[in-house]
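Chemist: The structure's right below; bear with me while I get my questions together.
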Amino acid sequence: MAIELPPLPYPAHALEPYISNRTMEFHHDHHHKKYVDTTNALIKGSELENLGLEELMERAHGSNPKLYNNAAQAWNHSFFWHCLTRSSSAPSQDLKRRLLRQFDSLDHFKETFQNEGKELFGSGWTWLVLDKNGALQIRALKDAGNPLAELNEVPLLVCDVWEHAYYLDYQHERAKYLKTFWQIVNWDFIERNLESSNRDKDRSVFHSDAHADGVHARLKDV
Ligand code: MN
């Protein structure tokens, strides 16, 4: 069972003018695909061949860096596409309340998130997660960093801050890209990830709704 490259959940031009068609095509059809293909090449003929992407990523973490990097990059990109939408709205009252509890104001949350992304040296991902105490936290993780595998935390939102995510549209201006990110954030997706984590109170298995769409957003037993 090979890992599959899921299609983008919207047309490649859907996020214009914030992210161009060209960026989305390169990002999905070349970068994301390469991680999927490399993962498949690394597991071919081994006992790992029949595992799902998430289990592969978790098994490889700490023991097989090359496989971990590729599997986590494949997982992160699948999740990232769902974090973006052409019709961004606003956080619901409940989500807003949770954000205010942790960050004082919505603006402060956004600024902190942007700043963490800007300050991350080199390539990586800026995440909003639910930590083990049920609090919202921002995590800036380097390279293929995935909070599920590395921190056992629930991913709620992510922004890809690898240069390939923004260079064609913003060149070196990562800060500008991060500021623009809010124009296309899928607040509903954050909400669905939160609801899924609440639903499974024992956290034995957490399926986000996106799983049905091909995103393997699932939290194993803590
Ligand atoms: Mn990327």
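The values are calculated or read from the model by the stated rules, or taken from the named source; none is laboratory data. Here the structure is a predicted model, which is why all the values come from computation and not from measurement. Cβ atoms come from the backbone with ideal geometry, glycine included; neighbour counts cover every protein chain shown. Heavy atoms of the whole protein, side chains included, go into the accessibility calculation; ligands, DNA and RNA do not. Shrake-Rupley method; radii C 1.70, N 1.55, O 1.52, S 1.80 Å.
Chemist: So the check is Cβ under 7 Å with 6+ separation or different chains; which pairs have a first residue in region 25-37 that's on the phi < 0 side of the Ramachandran plot and a second one that's in a helix (DSSP H, G or I) and of a type in the set (S, T, N, Q)?
Modeler: As it stands, the answer is 35/70; 35/73, since those pairs meet every condition given.
Chemist: So the check is Cβ under 7 Å with 6+ separation or different chains; which pairs have a first residue in region 67-81 that's outside the structural domain of residue 146 (by TED's automatic domain parsing) and a second one that's of a type in the set (Val, Ile, Thr) and open to solvent by 10 Å² or more (accessible area, probe 1.4 Å)?
Modeler: From residues that are outside the structural domain of residue 146 (by TED's automatic domain parsing), the pairs are 70/38; 74/3.
Chemist: Let me ask you something else. Please enumerate the residues belonging to region 8-24 that are free of Cβ contacts under 8 Å to residues at least 24 places away in the same chain, part of a loop (DSSP other than H, G, I, E, B) and either within 11 Å of the ligand (Cβ to nearest atom) or open to solvent by 30 Å² or more (accessible area, probe 1.4 Å) (or both).
Modeler: Across region 8-24, the qualifying residues are 11, 13, 16, 17.
Chemist: Failed condition for residue 58, given (1) within 16 Å of the ligand (Cβ to nearest atom); (2) over 15 Å from the mean Cα position of the chain (by Cα), with all others met?
Modeler: All conditions are met except number (1).
Chemist: All but one of (1) within 16 Å of the ligand (Cβ to nearest atom); (2) in contact with a helix residue (DSSP H, G or I) (Cβ under 7 Å, 6 or more places away or on another chain); (3) in contact (Cβ under 8 Å) with a residue 40 or more places away in the chain; (4) open to solvent by 10 Å² or more (accessible area, probe 1.4 Å) hold for residue 160; state the number of the condition that does not hold.
Modeler: Among (1) within 16 Å of the ligand (Cβ to nearest atom); (2) in contact with a helix residue (DSSP H, G or I) (Cβ under 7 Å, 6 or more places away or on another chain); (3) in contact (Cβ under 8 Å) with a residue 40 or more places away in the chain; (4) open to solvent by 10 Å² or more (accessible area, probe 1.4 Å), the lone unmet condition for residue 160 is (4).
Chemist: Next question, about the same structure. Taking region 100-133 on its own, how many of its residues are in contact (Cβ under 8 Å) with a residue 60 or more places away in the chain and either on the phi > 0 side of the Ramachandran plot or of a type outside the set (Phe, Trp, Tyr) (or both)? Please lay out each step first, then the result.
Modeler: Taking region 100-133 as the starting set, the residues that turn out to be in contact (Cβ under 8 Å) with a residue 60 or more places away in the chain are 110, 113-114, 117-118, 128, 130, 132.
From what is left, the residues that are either on the phi > 0 side of the Ramachandran plot or of a type outside the set (Phe, Trp, Tyr) (or both) are 110, 114, 117-118, 128, 130, 132.
So the answer is 7.
Chemist: From the list 54, 58, exactly one residue is part of a helix (DSSP H, G or I), touching a strand residue (DSSP E or B) at 6+ places or on another chain (Cβ under 8 Å) and within 17 Å of residue 76 (Cα to Cα). Which is it?
Modeler: Numbers: 58 fails: touching a strand residue (DSSP E or B) at 6+ places or on another chain (Cβ under 8 Å).
After ruling out the rest, the residue left standing is 54.
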